[in-house]
Amino acid sequence: MLSYRHAFHAGNHADVLKHFVELHLLQYLNQKDKPYWMIDTHAGAGLYALDQGYAVKNAEYMSGIARLMQRDDLPAALAEYVALVRGLNPDGELKIYPGSPWVAMQVLRQQDQLRLFELHPTDSKVLHENFASAGRRVRIEATDGFAGLKALLPPAPRRALVLIDPPYEEKQDYQRVPATLKDALKRFETGTYAVWYPLLQRHESQHFAESLKRLPAKSWLNVSLTVNTPSADGFGMHGSGMFVLNPPWTLMSTLKTVMPYLTKVLGQDTGAAYILEAHEG
Ligand code: SAM
C-alpha cells in the first residue's frame, strides 16, 4: 500500500542522501554473520506514490531521485541505491519511492530484525499493511520513537543501526535528538546512530550539528549537502545532512567519491556544496 500523506517530500534530495547513507550502513553490518537490529524511530509509511496526490503537486522528487534514474555514470556505491529504486519501478517510469523501512527490508537477512516506530495513525496503518507478510522479523509500534528507542536499548544481539529522522516541525526535536542520543549512548555505547537533519536558516538548525559533536561518542561523521543558495527571505530548506555516531570506517571513503557527484547532479545553483568531516576520539 502506498502513502500519499508524506509524499510531499518523498524522493527529494534529502531522501537521496539519507537513504544512500542508510543503505551503506546496513551493507556494512551485513559483512558479519552476527545478527543485528535496525531501529527506525520515525519510520513513515514505507512506500510512497509519486504519481498521485501531494507528490505530483510538489514534485520534489524531480530535483532528487529523478535526476539519478537515467544516469549511466553513477559512482558504484550510489548505483546500488539507484538500482533499489529502479527495482520498484520496473517499467522505467518513476512512480514509487521507498521509505527508510523499505530500504532496510531489502538489505536485512533472516537473522536480523527491523524495529519501527511511527506515531501518525494513517502512516502506521499503511506501514503495517506494507509489512504484513514480513513475519516476526518486523515489529511496528504506533508510539513515540524517542521513548521507544530508550526501551529497546541495549538490543539483544548487541549490534544495531538506529536511524533518527524526526520531522523537525516542532523545534523541540532539535533538543530531543541530542538528549535521546546521550541516553542511548549510556545504554548502548557501541551502536551506530544516524541522524537526519535539515539545513535551514533558523538558529536551531544552524547549531544542531555542533550539539551532536559534543555527545560522548567515540567517533562521528557529519555529511551535508547544500543544493541551493539560502533564500533571501530566510525561508525554505536549502539542503540536509546526516550525522553518524560510531560510523564504519568505510563511510568516509565512500562519501568522498559520492558527494562531489551528488553536489554536481543535485545542485540547483552556484550555492551547491557539501561538507564532509569526521572525528575519531
Ligand atoms: N524515516 C522515513 C523515511 O526515510 O522514509 C521518513 C520519516 S518522516 C521525515 C517523519 C515521520 O515521523 C512522520 O511519518 C511522522 O508522522 C513521524 N513522527 C513524528 N513524531 C514522531 C514521534 N515522536 N515518534 C514516532 N514517529 C513520529
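The values are calculated or read from the model by the stated rules, or taken from the named source; none is laboratory data. This one's a predicted model, so the numbers in the text were calculated from it and none came from an experiment. Virtual Cβ from ideal backbone geometry, glycine too; neighbours counted across all protein chains shown. What goes into the accessible areas is simple: the full protein's heavy atoms, side chains included, and nothing from ligands, DNA or RNA. Shrake-Rupley method; radii C 1.70, N 1.55, O 1.52, S 1.80 Å.
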Which residue pairs have Cβ atoms closer than 8 Å, lie 6 or more positions apart in sequence or on different chains, and pair a first residue in segment 133-161 that is farther than 25 Å from residue 24 by Cβ with a second residue that is of a type in the set (Gly, Ala, Ser) and more than 9 Å from the ligand (Cβ to nearest atom)? 150/184
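Pick from segment 105-129 the residues that are open to solvent by less than 50 Å² (accessible area, probe 1.4 Å) and part of a helix (DSSP H, G or I): which of them is nearest to residue 33 (Cα to Cα)? Spell out the reasoning first.
Residues of segment 105-129 open to solvent by less than 50 Å² (accessible area, probe 1.4 Å): 105, 107-109, 112-118, 123-124, 126-127.
Now narrow it down to the ones that are part of a helix (DSSP H, G or I): 105, 107, 123-124, 126-127.
Working: 105: 17, 107: 13, 123: 32, 124: 30, 126: 31, 127: 28 Å.
This residue is 107.
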Taking into account only those residues within segment 150-167 that are open to solvent by less than 10 Å² (accessible area, probe 1.4 Å) and touching an Asp or Glu at 6+ places or on another chain (Cβ under 9 Å), which is farthest from residue 109 (Cα to Cα)? 166
Restricted to segment 130-145, and to residues that are surrounded by 14 or more Cβ atoms within 10 Å (Cβ to Cβ) and assigned to a loop (DSSP other than H, G, I, E, B), which residue is farthest from the ligand (Cβ to nearest atom)? 134
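Residues of segment 163-178 being in contact (Cβ under 8 Å) with a residue 12 or more places away in the chain and more than 12 Å from the ligand (Cβ to nearest atom), which ones?
Selection gives 171, 174, 178.
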Tally, over segment 257-281, of residues that are part of a helix (DSSP H, G or I) and surrounded by 11 or more Cβ atoms within 10 Å (Cβ to Cβ): 9
